[in-house]
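Heads up: the structure comes next, in structure tokens.
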Amino acid sequence: MSTPAFSIQPLEPADYPTVRELSQSLGRRSAPERFAPGGCLLGATSENGRLVGWAKAQWWDPQDPVAPAGYYLGGVEVDRRWRRRGVATALGLARLRWVAQRADAAWCVVNTRNSASLALQRRLGFTVRARAASFGTVEFTGGAGLLLCRPLEEFAPRDGADNDEQK
């Protein structure tokens, strides 16, 4: 059996009800209209146009002595029927490319008990920078959180690759 194809694209306000519906089907309450303006909000859509996953990245200044201000990945949700098909990884890579246009590194915070998220972040190349009960306004229920970082030099344009077009 072949894996159905999906595509990654930016989400628009008209897509927010569908994001909320997917989130509710997972027992969550995501509200995309509350996400920071100017952030990255992406959706994964099946061949028939159905939203099967979404994710965000945005600038965050946690005003924390350990966690720096920067672009943070967060908020990945994938339809249960589409898990283990590369949707979360594709959304992660797309967000890393978006962040790389704005910064040298991407950050995220994850509860140590969230093994699925930790496995995803490892696949994306994140490494642990710190461990704490909270970072900024994020407090970790039932354990500690990890501050993770991913340098983005491999996503940056190579010297001379785009320079001719900009001259």
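Just so you know, all these numbers are worked out from the coordinates, no wet-lab data involved. From a predicted model like this one, the values you see are computed outputs, not experimental measurements. Note: ideal-geometry Cβ built from the backbone for every residue, glycine included; neighbour counts use all protein chains shown.
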Review point. What whole number of Å gives the distance from the Cα centroid of the stretch 8-54 to the Cα centroid of the stretch 86-126?
Key: 17
Revision key, fill the gap. Toy charge model, Lys and Arg Cβ at +1, Asp and Glu Cβ at -1: the chain dipole around Cα centroid in debye, rounded to 20, equals 800
Review point. With each run of n ≥ 4 DSSP H residues scored as -39500 (n - 2.57), what mean residue ellipticity at 222 nm is computed for the chain after dividing by its residue count and rounding to the nearest 500 deg cm²/dmol?
Key: -6500 deg cm²/dmol
Practice item. In whole Å, largest first, what are the principal axis extents of the Cα atoms in the stretch 9-85? Key: 45, 26, 20
Exercise for review: Grab every C-alpha pair in the stretch 32-121, bin the distances at 10 angstrom width from 0 up to the longest one, and report whole percents.
Suggested key: 16, 47, 32, 6, 0
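Taking N as the number of residues in the stretch 1-156, what value does Rg over Cα atoms divided by 2.2 N^0.38 Å take? Working shown, then result.
Values: Rg = 15.2 Å, N = 156, 2.2 N^0.38 = 15.0 Å.
Taking N as the residue count of the stretch 1-156, the ratio is 1.01.
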